[in-house]
Every structure is written in C-alpha cells, then in structure tokens.
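Q: Pasting in a structure now, in structure tokens, and then I'll have a few things to ask.
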Amino acid sequence: MSAASTAPRKWNFGAGPAMIPRPVLERAQSEFLNYESTGVSLMELSHRSDTYENLNNRAQQQLRQLLNVPANYKIIFMQGGGHTQFAAVVYNLLAWRHHQNRAAGVASDDWRAIPVDYIVTGSWSIKAAEEAKRLGANVRIVCDAKKSLGSFKGIPEEATWKTSDPNGELRTADRDSGLTPAYMYYCDNETVNGVEFPYVPSMHDPAVPLVCDMSSNILSRPVDVSKFGVIYAGAQKNIGPAGLSVVIVREDLLQTSEMKDGLFPVPLMLDYKTMVKNNSLYNTPPMFAIYMSSLVFEWLVDPAAQRVQDGEQYFEKELIGVQAAATRNERKASKLYRALDESSIYRIVVEDKAARSKMNVPFRISASRKDDPSAVADKAKDEALEAEFVAQAEARGLLQLAGHRSVGGIRASIYNAMPEEGVDVLIDFMKEFEQKQQ
C-alpha cells in the first residue's frame, strides 16, 4: 500500500457507510482503470475469470487468517446487508434443525413449533426478531433489555435470561417436547444504541447454535469463532463498502430444504449451502465491495499502511491485525468516554460502563448542567443545542455526528478506520463548544 498518503482533512464519524482507510482508497484509485495488468477495471471483469476467482479466494483466506477461523467453518460473501441475513438465518437454521429432528424421530414434524431464541438489546436485534416472526418462526424473546432496564442502556445479567437456567421453564419445556431451539441470536454491537457485549453468551443450551450479528464491530477485537454457529456482518461499517455481507458458518449447519421436506424451501440466493458449494459465485457477486474488503484486510496487517493512516504519533508498531485494532479502539473509546464523563453538558446514553460500545458512542447534550442539582431539562432547548453542535462540527470537518433518526442526539462512530487523531480533534471541538455555552 502507498506510504505517501496524508491524513484526511475531513473526519467521517458516520455509522455506515463509514470511513474507509485512506491508503485503501488510494490503492483502489491507482488500480481502478487497470486491475492487475488486465487492461480493464475490476468493475468490467467477468466474475468467472481466473483473475476474479483469485481475488475471491484471497479475500476469504485473508479473513480466515485475521479472525483465526477454524477449518470446519466456511466463509461466504453474499449480497445485501444485515437485513438480508435476518431472513437467511431463519431459513437456513430452521431447515437444519428440522432435518435434525426428523433424523432423531422427534414426534412433532411441524417446523413452526421449533423455537428460535432472541436476545434483544437494541434496535437491530428488535428488527431481527421481527423479521423472524414475519417468516412464521416460533420466536421467543429470552431477554429484553428495555423491559428489564427501562431503556436500551445496558445488558441484563446473563443469569436472568429465560434460557440460562437448565432447570428453568423454557429449557424444561424444550426437553419435554424434544424440540431444541434452532438457534439463539444476539447482536454483538447495537449501532443505534451504543450497546456492545463485553462477553460471548454461554449459559444457554450448548446444543443450540449461537448466531451473532457482528456488522458494526467485526475485526475490531479478537473473537473465538469456535463459540458460534453463524457469524455475519454487513461490510459497510467496519470492513468496506455497502452491498456485501460476510457470513462465517460452521459446516455441519449447512442444510438446504425443499417443499418435499415439509417446510418452506430456502431461497437459493439465501442458501448458505448453495453459496458454499459455489464458492460465493452462485451468481454475480458484489465484486467491487469484495475487492475493497480485501484491501482493508490487507491494510490491517500492513504496518506501513497503518502508519500512514494513524500518523507517526499514534502508530503501534509492535502490533498488527485485529489485536492492533483492538488496542487502538480501546484507547480511542476510553479517551472519548472520559471526555464525556468529565463534561457538564454531555450525557452518555449507555449507563452500564461494561456495555458501552467502542465502535458507536451515542450521547446527548443538555443546557441543564450535570453539576447543578436544581437544573431542569428543556427538551426543545436541548435539541436545538444538539442541532447547533452538529452544524458547527460539520463546518469544522467533523462529519455525520447526528444520532440515528429513531433516537436523535449525537453519535460518534469510531470504527477501525478512524485514526486516533480524529477522536482527539472531536474532543477538542467538544470542549470548545462546551466553553461557549458557559
């Protein structure tokens, strides 16, 4: 990768599509018209060409090495984002469990009776559960953070989840019926709400595959892939451009279905087994998004390119790959949360410190100071102050800091590609803005 890059003049704090490392953009720019001496752009190549197939295989291998993916897991590149995977998980794993039940001679042959368990900690897990319900699945919300905590401001203790007690009502009923859940789903990092799991759930029935949406924090920290049945991630937050989803699936879970099997067929475009069989080339894949993702994978293990992105002051030469990203992300998030905690006008949304996201930091601004116990909040005034903050930040080159439209407020997304310098610039602006409110 190029070592001649300069730090960007604009700092993109958007939640997705999100910032892409400058060295990656420059590399793509230099190769755009003539990819690997073919004389044409990658955008023009056939997906059946050897050149593209080499890229496809290389990207899979890069990701496998970055996450230390075990040999019994398959990596798939699919179209669509996390929303598409909401449905794909239902189709594929209900088909798998249905075939498992038939082979075991389970009395009930109705796929609609098979439970699917959801942990709800924010906006995206709500949407995932709603999609499963739309498709006719027997959805069980085994943990609802909003009901337990009053809002999405943390993660309830795992011991309180309905499936955590082996002798509890749900697991006893599952044993009595012989209907083991097809999977348990959770979202590792809630992009809208700023809630991130500090651990991998482990108190559920070990026979139930764990499904995890890692769209907004994949590659931000090491992960033990062997603890999961399925991991998926939309690429547009922490990997590359929109239009691509990465799926990591344990190979024993690959199971297609047809009408003759007694349940709905898995649509071929969502069928993990079909995608694996065709090496993610069942149809024309999102080639450019996969190419860009491959460059990001390469950037993560290229010290020279990371030095360009981070700047010499912040560069960690001793570390590469996901561990280097985790170290930087911890440092970036810690200093931003510390600045928010020390402020009189900024209020962190997520109260549970252990569950505060290192990728998406939502906060509110209030004219009623935290250090004034007699201050009374004025919603209209506070929202006007937040709008002023966003406008002034944009004028200073700090982009896309408005919170998600469903919740408002401010949100700073500080993915792998955001240099620590960008966080420092944001903190300096926050302090300056606060001083003006005195």
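Q: From Ala28, Ala15, Ala87, grab the single residue that is surrounded by 13 or more Cβ atoms within 10 Å (Cβ to Cβ) and touching a Lys or Arg at 6+ places or on another chain (Cβ under 7 Å).
A: From the options Ala28, Ala15, Ala87, the qualifying one is Ala15.
Q: Moving on. Enumerate the pairs (first residue in the range 127-150 and farther than 20 Å from Leu263 by Cα; second residue anywhere and hydrophobic (A, V, I, L, M, F, W, C)) with beta-carbon separation below 6 Å, excluding pairs fewer than 6 apart on the same chain, so at least 6 apart or on different chains.
A: Close Cβ pairs satisfying both conditions: Ala128/Phe86; Ile141/Val120; Val142/Trp161; Cys143/Ile119; Cys143/Trp161; Asp144/Val120; Ala145/Phe152; Lys146/Phe152.
Q: Looking at Ala412, Ala393, Ala417, which one is over 14 Å from Ile365 (Cα atoms) and open to solvent by less than 30 Å² (accessible area, probe 1.4 Å)?
A: It is Ala417.
Q: For the range 333-384, which positions are over 30 Å from Ser215 (Cα atoms) and either in contact (Cβ under 8 Å) with a residue 60 or more places away in the chain or not in a loop (DSSP other than H, G, I, E, B) (or both)? Walk me through how you get there before you give the answer.
A: Step one: filter the range 333-384 for residues over 30 Å from Ser215 (Cα atoms), giving 342-345, 366-382, 384.
Scanning the range 333-384 gives Glu342, Ser343, Ser344, Ile345, Ala367, Lys379, Ala380, Lys381, Asp382, Ala384.
Q: Here are Ser215, Ser226: which of them is within 27 Å of Gly409 (Cα to Cα), at pLDDT 95 or above and either basic (Lys, Arg) or open to solvent by 10 Å² or more (accessible area, probe 1.4 Å) (or both)?
A: Ser215
Q: If you don't mind, another one. Could you tell me how many of the residues in the range 311-332 are in contact (Cβ under 8 Å) with a residue 60 or more places away in the chain, touching an Asp or Glu at 6+ places or on another chain (Cβ under 7 Å) and surrounded by 19 or more Cβ atoms within 10 Å (Cβ to Cβ)?
A: The total comes to 2.
Q: Related question: May I ask you to list the residues in the range 275-299 that are surrounded by fewer than 17 Cβ atoms within 10 Å (Cβ to Cβ) and among the β-branched types (Val, Ile, Thr)?
A: Thr284
Q: From Met292, Met287, Met275, Met214, which residue is free of Cβ contacts under 8 Å to residues at least 60 places away in the same chain and within 23 Å of the chain's Cα centre (by Cα)?
A: Result: Met214 is the single residue among Met292, Met287, Met275, Met214 that is free of Cβ contacts under 8 Å to residues at least 60 places away in the same chain and within 23 Å of the chain's Cα centre (by Cα).
Q: OK, next. Does the range 162-176 include one or more residues that are in contact with a Ser or Thr (Cβ under 9 Å, 6 or more places away or on another chain) and in contact (Cβ under 8 Å) with a residue 60 or more places away in the chain?
A: no
The values are calculated or read from the model by the stated rules, or taken from the named source; none is laboratory data. All figures in this text were calculated on a predicted structure; none of them were measured in a lab. Cβ: placed from backbone, ideal geometry, glycine included. Neighbour counts: every protein chain shown. Surface accessibility is based on the protein's heavy atoms, side chains included, excluding ligands, DNA and RNA. Shrake-Rupley method; radii C 1.70, N 1.55, O 1.52, S 1.80 Å.
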